[in-house]
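What follows is one structure encoded as structure tokens, with my remarks underneath.
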Amino acid sequence: MAPSLERPPLQADERTALLGWLDLQRQILRWKCEGLSEEDAHRSVIPTSPAMTMAGLISHMRWVEHMWLDVLFLGGDETQNPSFDETDDDANWRTDGLTLEQLLVDYEAQCARSNAIVAAASLDDVGRHSGYRSGKANLRWMLIHLVEETGRHAGHADIVRELLDGAKGYY
């Protein structure tokens, strides 16, 4: 089950290091989904967190990337992102009948969009969404947060996968 995953170079510049660590955590999330049946991808294994399925994790991370880079950094429309639904705390975890394959395609597309946004900006550029305190952070801060959140959820995916079928492993 272990793919070829590598950390960024030890002597990388700041941008390369930040994006390298983020991409590694993204790859780990995708890796943890490999070989899962559709049933298992949507099966909850944590009774107190029923939305935390492998499919739900991928959905959540797609919307996290969108929230931080499209909405908070670029100042985009928050109404397109379920993370801003104040009536449902788990809205961005809901998969609404989407297959794991489609969720992974959507996540991959969002990661590519995120990478394009980052490539076109300076790490010192400040977010444009004035409606949220976090929208005033610079891109560097937002990328560090994305590394942290993606890594945290990659750890959740590791646990969920082990509970689903016993598969475990670090790269």
Check your understanding: Hey, any hits in segment 138-149 for a residue that's buried (at least 18 other Cβ atoms within 10 Å of the Cβ) and over 15 Å from Val64 (Cβ atoms)?
Key -> yes
Point to revise | Boolean, Gly75 is farther than 30 Å from Ser4 by Cβ, outside any helix (DSSP H, G or I) and touching a residue at least 60 places away in the same chain (Cβ under 8 Å) | key: yes
Exercise for review: Determine, yes or no, whether Pro9 is in contact with an Asp or Glu (Cβ under 9 Å, 6 or more places away or on another chain) and over 24 Å from Ala109 (Cβ atoms).
Suggested key: no
Exercise for review: State all residues of segment 1-47 that are without any contact (Cβ under 8 Å) to a residue 60 or more places away in the chain, aliphatic (A, V, I, L, M) and assigned to a loop (DSSP other than H, G, I, E, B); if no residue qualifies, say none.
Suggested key: Leu10, Ala12
Exercise for review: Mind listing whichever residues of segment 110-120 are among the aliphatic types (A, V, I, L, M) and surrounded by 15 or more Cβ atoms within 10 Å (Cβ to Cβ)?
Suggested key: Ile117, Val118
Point to revise | Failed criterion for Ser83 (all others in (1) among the hydroxyl-bearing types (Ser, Thr, Tyr); (2) assigned to a loop (DSSP other than H, G, I, E, B); (3) out of contact with any Gly (no Cβ under 8 Å at 6 or more places or on another chain) hold) | key: (2)
**Study point:** Of all residues in segment 40-84 being among the hydroxyl-bearing types (Ser, Thr, Tyr) and within 14 Å of Asp96 (Cα to Cα), the one that is nearest to the chain's Cα centre (by Cα)
**Key:** Ser59
**Study point:** Neighbours by Cβ (under 7 Å, 6+ apart or cross-chain): first from segment 126-140, touching a residue at least 60 places away in the same chain (Cβ under 8 Å); second among the hydrophobic types (A, V, I, L, M, F, W, C) and in a helix (DSSP H, G or I)
**Key:** Tyr132/Leu72; Ser134/Leu72; Gly135/Leu72; Leu139/Phe73; Leu139/Val118
Check your understanding: What do you reckon, is Gly135 in a helix (DSSP H, G or I) and modelled with pLDDT under 95?
Key -> yes
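The values are calculated or read from the model by the stated rules, or taken from the named source; none is laboratory data. Note that the structure is predicted; figures quoted are calculated from it, not measured. So basically every Cβ, Gly included, is an ideal-geometry build from the backbone, and we count neighbours across all protein chains shown.
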